[in-house]
Structure formats: C-alpha cells, structure tokens
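Novice: What follows is a structure written as structure tokens; I'll ask about it next.
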Amino acid sequence: MERWLGKYSEPLYAVMRVVVGVLFACHGAQKLFGVLGGQSQFGNPTLLAAGIIELVGGGLVALGLWAGFAAFVSSGEMAVAYFTAHAPGGFWPVVNKGELAVLYCFVFLYVAARGSGLLSVDALTRKK
C-alpha cells in the first residue's frame with residue numbers, strides 16, 4: 001500500500017490533521033458554548049480549562065499553526081481526561097468508554113512529533 005499511497009503522504013497527513021483538529025475543536029465548542037449537543041461548563045473549572053484547550057488546540061492543529069505545541073498540550077489533556085474520567089471505570093478503554101480519549105491522545109502525540117506538515121499555515125509563513 002505504501003507504494004501507491006506513499007506519494008500522497010503529505011496531503012493525507014494534512015487532511016488527517018485538519019479533520020482531527022476540527023473534531024477536537026467541536027468538543028471544546030460543546031464545553032464552552034453549549035452547542036452541538038453539549039452543555040456549557042463554565043461552572044466547572046476543570047471542564048472549562050479542557051474546553052479552552054480543545055477549542056484552541058483543535059483550531060491550531062487544524063490550521064497547522066504551531067500544531068506541534070498545540071498537539072502536545074492536547075495529547076496531555078487527553079491523557080489526563082482518560083486517567084481521571086475513564087480509567088476508574090475499568091481497565092479496557094472499550095469498557096470504560098475511553099477509546100476516543102486514547103485515540104486523540106496518540107494521534108496528537110504523533111502530530112506533536114511530526115509537526116504541522118507542508119500544507120499548513122506554518123509552512124506558508126516559513127516560505128516568506
């Protein structure tokens with residue numbers, strides 16, 4: 001498969017980064033603004049901080065603007081979310097409903113290691 005898709009790795013990475021960033025930002029919008037089926041969490045400082053990290057971090061990752069830093073912070077937030085909210089419900093993520101937190105954690109860790117990529121705001125500003 002690498003033989004056929006390898007030449008598209010940069011655009012595919014960019015699409016993945018944008019999709020993951022936008023979806024993560026939607027979680028933040030739920031917590032901050034009570035939209036998309038969520039409830040505003042201004043009364044809970046922990047969830048308020050999570051909403052800010054998710055909205056801002058997801059937006060930065062999607063744009064490819066300081067994506068490595070934003071993804072690193074977002075990965076850490078997801079690790080904390082997993083161990084505080086999900087792990088007490090059981091060992092396996094599929095049992096404790098923590099699959100999404102684990103998935104975001106490791107995808108963001110990968111983005112943090114790889115950076116914004118070629119198709120990003122960071123790449124556009126480097127060319128100038």
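The values are calculated or read from the model by the stated rules, or taken from the named source; none is laboratory data. In this text the structure is predicted, and so the values were computed from the model without any measurement. Here the Cβ positions follow ideal geometry from the backbone for every residue, glycine too, while neighbour counts run over all protein chains shown. Each accessible area value is taken on the protein alone, full model and side chains, heavy atoms only, with ligands, DNA and RNA left out. Shrake-Rupley method; radii C 1.70, N 1.55, O 1.52, S 1.80 Å.
Novice: Under the Kirkwood approximation applied to all pairs of distinct alpha-carbon atoms, what is the hydrodynamic radius of the chain in Å?
Specialist: Final number for the Kirkwood radius of the chain is 15.2 Å.
Novice: Would you work out which of GLN41, ALA85, THR125 lies farthest towards the positive end of the dipole of the chain? Charges go on Cβ: Lys and Arg +1, Asp and Glu -1.
Specialist: THR125
Novice: Here is a follow-up. Below 8 Å between Cα atoms, with a sequence gap of 6+, how large is the relative contact order for the chain in percent?
Specialist: 25
Novice: Using modelled backbone amide H atoms (1.01 Å from N, in-plane), which distant-in-sequence or interchain residues come within less than 5 Å of TRP66's amide H?
Specialist: ASP122
Novice: Quick one: which residues, 5 or more positions from GLY115 or on another chain, have an amide H under 5 Å from its amide H? H modelled 1.01 Å from N in the peptide plane, none for Pro or chain starts.
Specialist: Amide H neighbours of GLY115, under 5 Å, 5+ apart: none.
Novice: If I model the range 55-128 as equal point scatterers sitting on the Cα atoms and use the Debye formula, what is log10 I(q)/I(0) at q = 0.15, 0.25 Å⁻¹?
Specialist: The calculated log intensity ratios at q = 0.15, 0.25 Å⁻¹ are -0.52, -0.98.
Novice: Ignoring any ligand, DNA or RNA, what whole percent of the accessible area of the chain comes from carbon and sulfur when the probe is 1.4 angstrom?
Specialist: Looking at the chain in its full context, I get 74 percent from C and S.
Novice: While we're on this one: Ignoring ligands, DNA and RNA, what accessible area per residue does the chain give at 1.4 Å, in Å²?
Specialist: For the chain, the per-residue accessible area is 62 Å².
Novice: Another question, then. Using a/c under 1.5 as the rounded threshold, could you call the range 33-86 rounded, prolate or oblate? The axes a ≥ b ≥ c are square roots of the C-alpha gyration tensor eigenvalues, and prolate needs a/b larger than b/c, oblate otherwise.
Specialist: oblate
Novice: Moving to a separate point now. Could you work out how far helix 99-114 tilts from the main Cα principal axis of the chain, as a 0 to 90 degree angle to the nearest 10?
Specialist: For 99-114 against the chain, the angle is about 30 degrees.
Novice: With each run of n ≥ 4 DSSP H residues scored as -39500 (n - 2.57), what mean residue ellipticity at 222 nm is computed for the chain after dividing by its residue count and rounding to the nearest 500 deg cm²/dmol?
Specialist: -22000 deg cm²/dmol
Novice: Would you work out the charge dipole size for the chain about its Cα centre, treating the Cβ of every Lys and Arg as +1 and the Cβ of every Asp and Glu as -1, and quote it to the nearest 20 debye?
Specialist: The dipole magnitude comes to about 360 debye.
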